[in-house]
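Colleague: Here's a structure for you.
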Amino acid sequence: MIDVRNLRKSFGTLEVLKGIDLEVAAGDVAVLIGPSGCGKSTLLRCLNLLETPSAGRLEIAGRKLEFDGTTRVPERQQAEFRSATGMVFQNFNLFPHMTVLENVMSGPLLNGLKSKAEAKKLALALLDRVGLSQKTDLYPRQISGGQAQRVAIARALALEPKVMLFDEPTSALDPELVGEVLEVMQSLARDGTTMIVVTHEMGFAREVASKVVFMEGGHVLESGPPAEVLGAPRTERLRSFLSKVEH
Amino acid sequence: MYEFDWSVVMDPQLWLSAVGVTVAYAVVTSIAGLLIGVVLGLALVSRIPVLGWIIRIYIHVFRCTPLLVQIVWFFYALPMITGWTLPDWFAAGLGLTLYMGAFSAEIFRAGVISIEKGQWEASTVLGFSYWTKMRHIILPQATRRMIPPIVSQAILQLKNTSLLSVVAVPDIMYAAGGLTMSTYRPLEVYTFAALLYLVVLTPVTLLANRFELKH
């Protein structure tokens, strides 16, 4: 499903990704962990071209792109490549001037993919799936952070992406709201959604991930099934990281 | 002790037509200026290379030179230099319009760039084209933020029409000038003129405040 080869990304003289290889199969839930600044968010943002990689190869759901530092992908091709992925942000980024329902409808509707009635039907079904069918007519400022994040998940799902990307989806939430978002993500995983998740929630990594990737300093240091990577870390770096995040 | 004599300002006919001229110039030049501002502001935020520089120079010149000079320049100098014969009423409003255009382009640009990066990113990952983003995501939010500075600018614009009196446009200030000449009562006349501006602008500010409360 996803094949990343030797991906590099520099901001000016600072190299944030120093040659990343990553494979994610259909139905996999890959969890990216690592200290802040290790490049995991940048990697995620490269996958949907919010950042243009400096070098390397990306393949997602059959769409391929190669980068050599001067590559400028035309707008249309970017949109085409991006349509394979849906993204959920740390800060939700809901559209504040639209209701919950309109937010979820926005993707199919504004891209002209569905009629208003069809988009509404789909949006209602998705809101039901994330447990928010009672909140359709509220505005984002009227709901809690956990609810907002579930709306954001429904909004991304409305475009029926092949892969869902989650960029620290629970980091901006009050602790008591984290669970409801993780539950939704877990149910997506059970339904076979391919997901790449950047998170500090080790419990989620342990229980839901089919693959855990540990990054540090722009490199992938360890990757594999959670039992292996989290249960028996091979590197001292990972051992020390885990001891810090798991108290 | 000065004795006020308010009877000298009692000339309803004169004031009525003067207020009409002032309001007409304020409304027309504000709307025309806003249209210029929207177009130039959009061009600025879409970062069109050469055009961007030209627009920036235009904004800079009009924001940083006195409006009085601009009005005089467009009224007298432009027809002389170009040989165009512009109707007086039009030439008189040109400076004001371009002045409003420069300020509103800047208000417009500021409104658009004030929208959080996350809104752009969210609409990018949803696959929206540039114009879809602008029209459905960015502008509806930016417009709300632009209303207060646009209202202030429009209020300034109405007061700035007083400068039109130098090119003999019969606005409130021009009427006041004439009346002062004939009555030698500047204190009463100009105080009354100020009152007229106040009367015209009060409902505008009240309306704007109500709009802000609603949104």
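The values are calculated or read from the model by the stated rules, or taken from the named source; none is laboratory data. Just so it is clear, the structure is predicted and the values come from calculations on it, not from any experiment. All Cβ positions, even for glycine, are placed from backbone atoms using ideal geometry, and neighbour counts span all protein chains on display. Please note that ligands, DNA and RNA were not included when accessible areas were found on the heavy atoms of the full protein model with its side chains. Shrake-Rupley method; radii C 1.70, N 1.55, O 1.52, S 1.80 Å.
Colleague: Can you confirm whether region B:137-148 contains a residue that is in contact (Cβ under 8 Å) with a residue 60 or more places away in the chain and within 30 Å of B:I81 (Cα to Cα)?
Modeller: The initial filter retains those residues of region B:137-148 that are in contact (Cβ under 8 Å) with a residue 60 or more places away in the chain, namely B:144, B:147-148.
If we keep only those that are within 30 Å of B:I81 (Cα to Cα) as well, we get none.
Looking through region B:137-148, none of the residues is in contact (Cβ under 8 Å) with a residue 60 or more places away in the chain and within 30 Å of B:I81 (Cα to Cα).
Colleague: Any residue at all in region A:173-191 that is within 21 Å of A:N48 (Cβ to Cβ) and outside any helix (DSSP H, G or I)?
Modeller: No, region A:173-191 contains no residue that is within 21 Å of A:N48 (Cβ to Cβ) and outside any helix (DSSP H, G or I).
Colleague: In region B:113-123, which residue that is open to solvent by 20 Å² or more (accessible area, probe 1.4 Å) and free of Cβ contacts under 8 Å to residues at least 40 places away in the same chain is farthest from the other protein chains (Cβ to nearest Cβ)? Can you show your working first?
Modeller: Filtering region B:113-123 for residues open to solvent by 20 Å² or more (accessible area, probe 1.4 Å) gives B:113-114, B:116-117, B:120-121.
Remaining after also requiring free of Cβ contacts under 8 Å to residues at least 40 places away in the same chain: B:114, B:116-117, B:120-121.
Details: B:S114: 13, B:E116: 8, B:K117: 9, B:W120: 9, B:E121: 6 Å.
Going through the qualifying residues, I end up with B:S114.
Colleague: Being under 19 Å from B:V200 (Cα atoms) and open to solvent by 10 Å² or more (accessible area, probe 1.4 Å) is the filter here, so list the residues in region B:158-168 that pass it.
Modeller: Just the residues of region B:158-168 that are under 19 Å from B:V200 (Cα atoms), to begin with: B:158-165.
The answer is B:L158, B:K159, B:N160, B:S162, B:L163, B:S165.
Colleague: Tell me the residue from B:A102, B:A92, B:A110 that is away from chain A (no Cβ under 14 Å), touching a Pro at 6+ places or on another chain (Cβ under 8 Å), part of a helix (DSSP H, G or I) and in contact (Cβ under 8 Å) with a residue 24 or more places away in the chain, please.
Modeller: Numbers: B:A102 fails: touching a Pro at 6+ places or on another chain (Cβ under 8 Å); B:A92 fails: touching a Pro at 6+ places or on another chain (Cβ under 8 Å).
After ruling out the rest, the residue left standing is B:A110.
Colleague: In addition: Mind telling me which of the residues A:R82, A:R76, A:R45 ends up being open to solvent by 20 Å² or more (accessible area, probe 1.4 Å), of a type in the set (K, R), farther than 30 Å from A:E228 by Cβ and within 13 Å of chain B (Cβ to nearest Cβ)? Can you show your working first?
Modeller: On the way: A:R82 fails: open to solvent by 20 Å² or more (accessible area, probe 1.4 Å); A:R45 fails: farther than 30 Å from A:E228 by Cβ.
Result: A:R76 is the single residue among A:R82, A:R76, A:R45 that is open to solvent by 20 Å² or more (accessible area, probe 1.4 Å), of a type in the set (K, R), farther than 30 Å from A:E228 by Cβ and within 13 Å of chain B (Cβ to nearest Cβ).
Colleague: Still on this structure, I have one more. So A:V181 fits all but one of (1) within 12 Å of another protein chain (Cβ to nearest Cβ); (2) open to solvent by less than 20 Å² (accessible area, probe 1.4 Å); what number is the exception?
Modeller: (1)
Colleague: Of the conditions (1) within 14 Å of chain A (Cβ to nearest Cβ); (2) surrounded by fewer than 15 Cβ atoms within 10 Å (Cβ to Cβ); (3) without any contact (Cβ under 8 Å) to a residue 24 or more places away in the chain, B:Y130 satisfies every one except a single condition; which number is it?
Modeller: For B:Y130, the failing item is (3).
Colleague: Could you give me the residue pairs with C-beta distances under 7 Å whose first residue belongs to region B:62-82 and is charged (D, E, K, R), whose second residue is open to solvent by less than 20 Å² (accessible area, probe 1.4 Å) and outside any helix (DSSP H, G or I) wherever it lies, and which are 6+ apart or on separate chains?
Modeller: Going by the 7 Å Cβ cut-off, there are no qualifying pairs.
Colleague: Going residue by residue through region A:184-198, is there one that turns out to be under 12 Å from A:I33 (Cα atoms) and surrounded by fewer than 17 Cβ atoms within 10 Å (Cβ to Cβ)?
Modeller: Scanning region A:184-198, I find no residue that is under 12 Å from A:I33 (Cα atoms) and surrounded by fewer than 17 Cβ atoms within 10 Å (Cβ to Cβ), so the answer is no.
Colleague: Let me ask something additional. Check off (1) touching a Ser or Thr at 6+ places or on another chain (Cβ under 7 Å); (2) in contact (Cβ under 8 Å) with a residue 12 or more places away in the chain; (3) within 14 Å of another protein chain (Cβ to nearest Cβ) for A:A152 and give me the number that stays unchecked.
Modeller: (1)
Colleague: Pull up region A:114-123, narrow it to residues that are over 17 Å from A:M98 (Cβ atoms) and either at pLDDT below 95 or among the small types (G, A, S) (or both), then point me to the one that is least open to solvent (accessible area, probe 1.4 Å). So that I can check it myself, show each step before the final result.
Modeller: Restricting attention to region A:114-123, the residues satisfying the condition of being over 17 Å from A:M98 (Cβ atoms) are A:115, A:117-118, A:121.
Remaining after also requiring either at pLDDT below 95 or among the small types (G, A, S) (or both): A:115, A:117.
Details: A:S115: 56, A:A117: 76 Å².
Per the stated criteria, the residue is A:S115.
Colleague: Take the residues of region A:128-164 that are in a loop (DSSP other than H, G, I, E, B) and in contact with a strand residue (DSSP E or B) (Cβ under 8 Å, 6 or more places away or on another chain): which is surrounded by the fewest Cβ atoms within 10 Å (Cβ to Cβ)? Outline the logic, then answer.
Modeller: Step one: filter region A:128-164 for residues in a loop (DSSP other than H, G, I, E, B), giving A:130-139, A:143-144, A:158-162.
Still in the list and also in contact with a strand residue (DSSP E or B) (Cβ under 8 Å, 6 or more places away or on another chain): A:159, A:161-162.
Details: A:L159: 20, A:P161: 23, A:K162: 17.
Out of the qualifying residues, it is A:K162.
Colleague: Taking region B:140-149, which residues are more than 10 Å from chain A (Cβ to nearest Cβ) and open to solvent by 40 Å² or more (accessible area, probe 1.4 Å)?
Modeller: Within region B:140-149, B:R145, B:I147, B:P148, B:P149 qualify.
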